Amino acid sequence: MRCPYCGADNSQVKESRPSEEGAAIRRRRACTVCGGRFTTFERVQLRELTVAKRSGKREPFDRDKLARSIQIATRKRCVDGDVLERMISGLVRQLEAGGESEVTAAEIGDRVMEALKGIDDVAYVRFASVYRNFSEARDFEAFVTELAQNVGQGRGAAGADEPSDRGDPEAP
């Protein structure tokens, strides 16, 4: 494993342990040249995925890029890191198990939005603002109004099958 500090090819594993409920192996490593310490994760990869962008460009799927976009949406929110990691791992497994080696960026975005909707409304709106390319305040207003209507009808962040008691003082 290449050292992220000095670029040397040799590193020594100091500790290994299961992570992500057994779906990955977390390894603490030390560079044999500069002594820098870093962590790597080893995960099962079912298939190589390619992402088809709206522009027509294709690029390899990058789990870290997906994780960064979700972390940006959930920044400064009270969302447990383990919950996010399970969500990301679940999304990746769904994509890899889908049977296709190519997935559209729109499909990934839709899946992320659906997952965030069940975790945090603010993160859901933040992600949607980038994914749906909001350009002015009216875009936010329309989206939040739609979200509030769905919550009022029991189809919001709590999930489609769960009744919502937000804003309803008579709710059980």
Anything in the range 19-54 that is within 27 Å of Glu107 (Cα to Cα) and touching a Ser or Thr at 6+ places or on another chain (Cβ under 7 Å)? List them, or say none.
Glu20, Ala23, Phe41, Arg47, Glu48, Leu49, Thr50, Ala52
Quickly run through the range 20-53 and pick out the residues that are over 14 Å from Gly7 (Cα atoms) and assigned to a loop (DSSP other than H, G, I, E, B).
Glu20, Glu21, Gly22, Ala23, Val44, Gln45, Leu46, Arg47, Glu48, Leu49, Lys53
Inside the range 72-172, counting only helices (runs of 4 or more DSSP H) that do not spill past its ends, which hold 2 or more residues that are at pLDDT 90 or above, within 24 Å of Arg54 (Cα to Cα) and of a type in the set (Gly, Ala, Ser)?
105-117
Going by the conditions given, is Cys31 over 29 Å from Val83 (Cα atoms) and surrounded by 14 or more Cβ atoms within 10 Å (Cβ to Cβ)?
yes
Looking at the range 96-108, I want the residues that are touching a residue at least 24 places away in the same chain (Cβ under 8 Å) and have a partner that is hydroxyl-bearing (Ser, Thr, Tyr) with Cβ atoms under 6 Å, at least 6 apart or on another chain. Which pairs are those?
Glu102/Thr50
Between a first residue in the range 3-27 that is over 14 Å from Asp82 (Cβ atoms) and a second residue that is aromatic (Phe, Trp, Tyr) and surrounded by 11 or more Cβ atoms within 10 Å (Cβ to Cβ), which pairs have beta carbons less than 8 Å apart while being 6 or more apart in sequence or on different chains?
Cys3/Phe38; Pro4/Phe38; Tyr5/Phe38; Ser11/Phe38; Ile25/Phe41; Arg27/Phe41
Filter result for Arg68 (surrounded by 14 or more Cβ atoms within 10 Å (Cβ to Cβ) and outside any loop (DSSP other than H, G, I, E, B)):
no
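The values are calculated or read from the model by the stated rules, or taken from the named source; none is laboratory data. Note that the structure is predicted; figures quoted are calculated from it, not measured. Note that each Cβ is placed from the backbone with ideal geometry, even for glycine, and that neighbours are counted across all protein chains shown.
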